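A.B. asks: Before I ask anything, let me first share the structure, which is written out below as structure tokens.
Nothing in this text is a laboratory measurement; each read-out follows from the coordinates by a stated rule. None of the values given here were measured: they were computed from a predicted structure. No Cβ is skipped: glycine too gets one built from the backbone with ideal geometry, and neighbour counts run over all protein chains shown.
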Amino acid sequence: MKSEFWSARRKSRLAVASSVTAAAVVAGLVVAGGSPAVAAAGCKVTYTVNQWDTGFTANVSVTNLGDAVSNWDVQWDFAGNQQVQQGWSATFSQSGKHVSAKNPSWGGALGSNATASFGFNGSYSGTNAIPTAFSLNGVNCDGGTTTTTTPTTPTTPTTPTTPTTPTTPTGPTTTPQPGTHVENPYAGSKGYVNPDWSAEVSAAAAAKGGTLGAQMAKVANTSTAVWLDRIAAIDGTSSARGLRGHLDAALSQASGGTPVTIQIVVYDLPNRDCAALASNGELKASENGLARYKSEYIDPIASILSDAKYAPLRIVAVVEPDSLPNLITNTSMATCAEAQSTGVYTQGIQYALNKLHAISNVYNYLDIAHSAWLGWDSNFGPFVNLVKQTLQGTTAGVNSIDGFISSTANYTPLTEPNLPDPNLTVGGQQLKSATFYQWNPYFAEVPFATAMYNAFVAAGLPSGIGMLVDTSRNGWGGSARPTGASGSTVDAYVNSGRIDRRLHRGNWCNQSGAGLGVRPTVAPAAHFDAYVWIKPPGESDGASSQIPNDEGKGADPMCDPTFHGSQQANGGNLTGALPNAPLSGKWFEAQFEELVQNAYPPVQ
Ligand code: BGC
């Protein structure tokens, strides 16, 4: 995996649709006293909570029952000691019990009867009582009763949220039959725990022992993806079971009628990882790679997945990370130029989508890189067009996918809690002009993926598509995590406040200081199907010296902590990689320990 930071383009940010449509949550209604008079301001709020022992996720929707506004500010008081920790789609501030959630820079306009949705992860102790009153721009949303559902309490936050409540907006209303294609494959299901990865984690935890070992052990039951990273992975190797082995194990993990969702990563295009070396693959465009990709890779996968025995499973396919993004930014490099001129990426993806979409219990999610790669409007817009053209070349057109995934195997945070507004001015400069952001208006994945969603829907894709974010390694906790931003220059302010502690956003290999991110979560925000763990934590991103292998993988200097990258790759900074890493995909003990220690939320 390569996560290419591309040269900054000093252009204004892409305009995106500003209204964020609320999910139709049934619970928690506070309705304004209903005078229909012209200037009447009013609002209704839904506030739903998913909670565990000490933490919770709240999803909030506000519907403006009054005149259109160009900015919104929703306020409430907590009843207890709740603390907002990490939010999305709003800018949060909390003083004591009082909370204000203001529109993000990309979503201020809220028309009459329009709804904005946002949410946050919070902490609490004792009882997590629901706020009883809300206001919108200072006007109380009063006149109704607040009732909020507290869904099934997961036993621990490290497990995927299991089964989601009937109030989940995207969830099915009746029990789907095996093979049925549901709206959100994560809703109401249990995430597959890969026994091979889980065993590695458990063994490492037992060998480590002590407090850290105990924390490591708690991660072992998390759902992670299965990477089909070469033809041999389909049948399995001496160290990892094959696709049928995983599907059989997934069937055996079902219990009590709750379906299992298993995630596979389809990752073997010819000229794979064309802008880097660490994850180069076995197939080459110049060596009949596309034909082999179809017949030796996609066809066998599709044939196994169509086995009726696996119809009860929900199979999420993450399709070809980094490939289309490389065609947007890296065709100055020979291997990428060849991928483009031969059409192997687009045709390979079209073939994969056609074969996989034809299987009703398979869900296709296409990779959209991450905010630090495609965030500039000069990359963002062309990428949306390329995706649309690629989809139009498939049999089912724009319906051949179920959604998109951002930050696969990357380290970019969901939000930058101390830098919520890229347009904030410090010392006369906007935050996005800081050296770290290079005029990229997207600092984090929630605003980026939300903007991508809006752009895709505006381009004609179905509004039912859902976004995923790989949160396996974007936690950035530990003692280096800043709790605020300060400074009189824009660089000082950004560097003091950003939770992304990378030396440069273009760094992508085995990042020092990173931590496990938010555990897999179902429907965390409007238009997001889930936060997922695709890159299995503890598996290396790549090695800096040549290690013999039969997978096509090379030595990548971006994995060498003493190497300064190029201006284009990472502004000439050091790589920030941990030393002595094994080949990409292999177990990297030192990295796993650091990820657990720097987890955010912490592993408890
Ligand atoms: C590697 C794959 C590996 C995957 C998950 C990728 O970077 O190239 O071989 O399966 O990461 O660890």
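A.B. asks: For L516, L243, L424, which order do you get if you count the other beta carbons within 10 Å of each Cβ and list the fewest first?
C.D. replies: Going from sparsest to densest Cβ surroundings: L424, L243, L516.
A.B. asks: Could I ask something else about it? What FRET efficiency, computed as 1/(1 + (r/R0)^6) with R0 = 35 Å and r the Cβ-Cβ distance, is obtained for K294 and K586, rounded to the nearest 0.05?
C.D. replies: Efficiency, from the Cβ-Cβ distance: 0.80.
A.B. asks: Next question. Under 5 Å between amide hydrogens, which residues at least 5 positions from Q263 or on another chain qualify, with H placed 1.01 Å from N in the peptide plane?
C.D. replies: Those qualifying (amide H under 5 Å, at least 5 residues apart or on another chain) are Y192, V226, V316.
A.B. asks: Modelled label-to-label distance, H181 and A308, 7 Å Cα→beta-carbon offset: nm?
C.D. replies: According to this spin-label approximation, the distance is 2.1 nm.
A.B. asks: Among R481, R501, which comes first, second and so on when ranked by fewest other beta-carbon atoms within 10 Å?
C.D. replies: Least to most surrounded, the residues fall as R481, R501.
A.B. asks: Is the shape of the range 319-385 rounded, prolate or oblate, going by the alpha carbon gyration tensor and its root eigenvalues a ≥ b ≥ c, with a/c under 1.5 for rounded and a/b larger than b/c for prolate?
C.D. replies: oblate
A.B. asks: Rounded to whole Hz and in sequence order, give me ³J(HN,Hα) for the range 311-320 from the Karplus expression 6.51 cos²θ - 1.76 cosθ + 1.60, θ = phi - 60°, writing x for Gly and Pro.
C.D. replies: Karplus-based 3J(HN,Hα) across the range 311-320 equals 4, x, 7, 9, 10, 8, 10, 8, 9, 6 Hz.
A.B. asks: Could you work out the equivalent-ellipsoid semi-axes for the range 328-466, taking the square root of 5 times each eigenvalue of the Cα gyration tensor, largest first, in whole Å?
C.D. replies: That gives 30, 18, 12 Å for the three semi-axes.
A.B. asks: Output wanted: per-residue J couplings in Hz (rounded whole) for the range 590-604, from phi through Karplus 6.51 cos²θ - 1.76 cosθ + 1.60, θ = phi - 60°, x for Gly and Pro.
C.D. replies: Couplings: 4, 5, 4, 4, 5, 4, 5, 5, 9, 4, 9, x, x, 7, 10 Hz.
A.B. asks: What is the set of long-range amide H partners of W72 at a cut-off below 5 Å, with H atoms built 1.01 Å from backbone N?
C.D. replies: Correct list: N103.
A.B. asks: Enter the Cα centre distance for the pair the range 256-305 and the range 458-532, rounded to the nearest angstrom.
C.D. replies: If we compute the Cα centre of each part, the gap is 27 Å.
A.B. asks: Give me the distance in nm between label points sitting 7 Å out from Cα along the Cα-to-Cβ direction at T127 and L251, one decimal.
C.D. replies: The two pseudo-label positions are separated by 4.7 nm.
A.B. asks: Which ordering of R244, R498 is given by a fewest-first count of other beta-carbon atoms within 10 Å?
C.D. replies: Listing R244, R498 from fewest to most nearby Cβ atoms yields R244, R498.
A.B. asks: To continue, here is another question. Dividing the Cα convex hull volume of the range 512-598 by residue count, how many Å³ per residue is that?
C.D. replies: About 138 Å³ per residue, rounded to a whole number.
A.B. asks: Next question. Hey, what do the phi angles of the range 573-584 turn into as Karplus ³J(HN,Hα) couplings, whole Hz, using 6.51/-1.76/1.60 and θ = phi - 60°, x for Gly and Pro?
C.D. replies: 7, 5, 7, x, 7, 6, x, 6, 7, x, 4, 4
A.B. asks: Using modelled backbone amide H atoms (1.01 Å from N, in-plane), which distant-in-sequence or interchain residues come within less than 5 Å of S584's amide H?
C.D. replies: Close amide H contacts, sequence-distant or interchain: G542, A543.
A.B. asks: Taking loop as defined by DSSP and a crowding limit of 12 other beta carbons within 10 Å, which GluC sites (Glu not before Pro) in the range 543-604 fit?
C.D. replies: none
A.B. asks: Quick one: if the Förster radius is 56 Å, what FRET efficiency do R244 and D77 give, using the C-beta to C-beta distance and rounding to 0.05?
C.D. replies: 0.55
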